[in-house]
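Since every read-out is calculated from the coordinates, none of them should be taken as a lab result. Remember, it's a predicted structure, so these values are computed and weren't measured experimentally. Note: ideal-geometry Cβ built from the backbone for every residue, glycine included; neighbour counts use all protein chains shown.
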Amino acid sequence: EVQLLDSGGGLIQPGGSLRLSCSASGFTFSVSAMSWVRQAPGRGLEWVATFGGDGWSTYYADSVKGRFTISRDNSEETLYLQMNSLRVEDTAVYYCSRGGAEYRAFDGWGLGTLVTVSS
Amino acid sequence: IRMTQSPSSLSASIGDRVTITCRASERIYTHLAWYQQKPGKAPTVLISEIYILQSGVPSRFSGGGAGPDFTLTISGLRSEDVATYYCQQYHGYPLTFGGGTKVEVE
């Protein structure tokens, strides 16, 4: 069973940085594409970034390109999202998910971690 | 690729057949999924590859269509189906979701 535990959210001022983590278990993490998907308060789902199961491909939404970096540590079975130059509009619940590359849907989701960007 | 989902909300009675539609702005082949999100919870995948039901999903849920229009049907609405439903294409980047359909029980 796919289990994902995302963490690292919190209150941060505009322009600040935050790193989210996602601890995975129950599947072969090293060959799985992994993604971050976010949901602003009262809004729909928005894909943020994907790290391919090939170990090197990365993809980003235009809204975060150049500010966010997705990475992974296969030995620790952990996915990360480094978020820099945060903006008020980045406020959202961020979900870690399995899938998003190699023509795979998001077939596993974390509980989500809330990031609030506010002064 | 823009995913246009309709309606944005609906209210139906227990036992009703409910259909949600999603239209893709470009060809996405079979790379279409449906998700259910209950209030305050993370989404879960119901269907992938247009019509393949995920393990553990009740058989009253079904997917169909062949592009550009796709459908999610609930055959016999139950109270536990109250949720927001999203379609999503995973054919090309940026990956995109429909705007969501909020399903309520009358």
Principal axis box of the range A:35-85, alpha-carbon based, largest edge first, Å: 36, 20, 18
Bridge type composition, chain A - antiparallel percent by DSSP, nearest 5: 90 percent
Cα pair count fraction exceeding 18 Å, expressed as % - the range B:1-62: 46 percent
Can you give me the relative contact order of chain B as a percent, contacts being Cα pairs under 8 Å and 6 or more apart? 39 percent
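Which net charge results for the neighbourhood of B:Ser75, defined as the other residues with beta-carbon distances under 14 angstrom from its beta-carbon, given Lys and Arg at +1 and Asp and Glu at -1? Present the calculation step by step, with values, prior to reporting the outcome.
Working: positive: B:Arg17, B:Arg60, B:Arg78; negative: B:Asp16, B:Asp81.
My count for the surroundings of B:Ser75 gives +1.
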Could you please tell me the mean projected area of the C-alpha convex hull for the range A:59-119, averaged over all directions and given in square nanometres to one decimal? 5.1 nm²
Calculate log10 I(q)/I(0) of chain B for q = 0.11, 0.15, 0.19 Å⁻¹, where I(q) comes from the Debye formula with a single equal point scatterer on each Cα and nothing for solvent. -0.29, -0.55, -0.88
Hull volume per residue for the range B:44-93, using the convex hull of the C-alpha atoms, in Å³ is 95 Å³
All-pairs alpha carbon distance profile, the protein assembly as shown, 5 Å steps from 0, percent: 1, 7, 15, 19, 19, 16, 12, 7, 3, 1, 0
Residues meeting the amide H criterion for A:Arg87 (H placed from the backbone, H to H distance under 5 Å, 5 or more places apart or on another chain) are A:Gly15
Order of B:68-80, A:86-98 by packing, highest average Cβ count within 10 Å first? A:86-98, B:68-80
What is the distance in Å between the Cα centroid of the range A:26-52 and that of the range B:1-57? 18 Å
All other residues with a Cβ under 15 Å from the Cβ of A:Asp62 taken together, and with Lys, Arg as +1 and Asp, Glu as -1, what is their net charge? +2
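For chain A, what is the convex hull volume of its Cα atoms per residue in Å³? Walk me through the numbers on the way to the answer.
Details: hull volume 11.0 nm³, N = 119.
Measuring per residue, one finds 92 Å³ for the Cα hull of chain A.
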Please give the residues of the range B:36-64, grouped as numeric ranges, whose backbone N is less than 12 Å from a label point set 7 Å along the Cα-to-Cβ vector of A:Tyr103. B:49-50
